[in-house]
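Q: Below is the structure I would like to discuss, written out as C-alpha cells.
The values are calculated or read from the model by the stated rules, or taken from the named source; none is laboratory data. Owing to the predicted nature of the structure, the values given are computational and were not obtained by experimental measurement. Here the Cβ positions follow ideal geometry from the backbone for every residue, glycine too, while neighbour counts run over all protein chains shown. When the accessible area is computed, the model is the full protein with side chains, heavy atoms only, and any ligands, DNA or RNA have been set aside. Shrake-Rupley method; radii C 1.70, N 1.55, O 1.52, S 1.80 Å.
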Amino acid sequence: FETMKLHRIQVSYKEYNKASFRVIQKCGFTYEGVFREYFKEEERYVDRVFYSMLCSEYMENKAQGLL
C-alpha cells in the first residue's frame with residue numbers, strides 16, 4: 001500500500017486450497033464472495049473465493065501491530 005500508493009488489494013484462491021485460505025485470513029483480508037464454478041480443472045468445476053483489503057484497513061492493522 002505504502003510503496004505503490006495502492007487503495008485496494010484483491011486476492012483469490014481455489015476453494016480447496018486451505019493453506020492459501022489461512023494465509024489470507026492471517027493477513028487480515030476481508031471476505032468478499034465466491035465465483036461459483038469459476039473455471040474447469042480437469043473434469044470438475046472449481047469455485048474461486050475472493051478477499052480484499054483497503055488501504056485504511058491496512059493502516060489500522062499496522063497501527064495495532066497486527067502486520
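Q: Report, to the nearest whole %, how much of the accessible area of the chain belongs to carbon and sulfur atoms, 1.4 Å probe, protein only.
A: Values: 2670 of 5160 Å².
Carbon with sulfur: 52 percent of the solvent-accessible area.
Q: So what is the accessible area of the chain per residue, in Å², with the probe set to 1.4 Å?
A: Details: 5160 Å² over 67 residues.
Accessible surface, normalised per residue, equals 77 Å².
Q: If you take the charge dipole of the range 1-62 about its Cα centre, with +1 on Lys and Arg Cβ and -1 on Asp and Glu Cβ, which of Ala19, Ile9, Tyr58 is farthest toward its positive end?
A: Towards the positive end, the residue furthest out is Tyr58.
Q: What does the charge count near Arg48 come to, summing +1 for each Lys or Arg and -1 for each Asp or Glu among other residues with Cβ under 10 Å from its Cβ? Kindly include the intermediate steps, with their values, before the conclusion.
A: Details: positive: Lys14, Arg36; negative: Glu15, Glu37, Asp47.
With Lys, Arg at +1 and Asp, Glu at -1, the neighbours total -1.
Q: Just to verify a number: FRET efficiency for Glu2 and Tyr38, C-beta to C-beta distance, R0 = 30 Å, to 0.05?
A: Working: r = 31 Å, r/R0 = 1.04.
Result of the calculation: an efficiency of 0.45.
Q: Taking the Cβ of Leu66 as the center, what net charge do the other residues with Cβ under 12 Å away carry, scoring Lys and Arg +1 and Asp and Glu -1? Walk me through the numbers on the way to the answer.
A: Values: positive: Lys26, Lys62; negative: Glu57, Glu60.
So the surrounding residues net to 0.
Q: With charges only on Cβ, +1 for K and R and -1 for D and E, what is the dipole size of the chain about its Cα centre, in debye, rounded to 20? Show your work: numbers first, answer last.
A: Details: 11 positive and 10 negative charges, 30 e Å.
Charge dipole, the chain, about its Cα centre: 140 debye, nearest 20.
Q: Taking N as the number of residues in the chain, what value does Rg over Cα atoms divided by 2.2 N^0.38 Å take? Walk me through the numbers on the way to the answer.
A: Details: Rg = 14.0 Å, N = 67, 2.2 N^0.38 = 10.9 Å.
For the chain, the normalised Cα radius of gyration comes out at 1.29.
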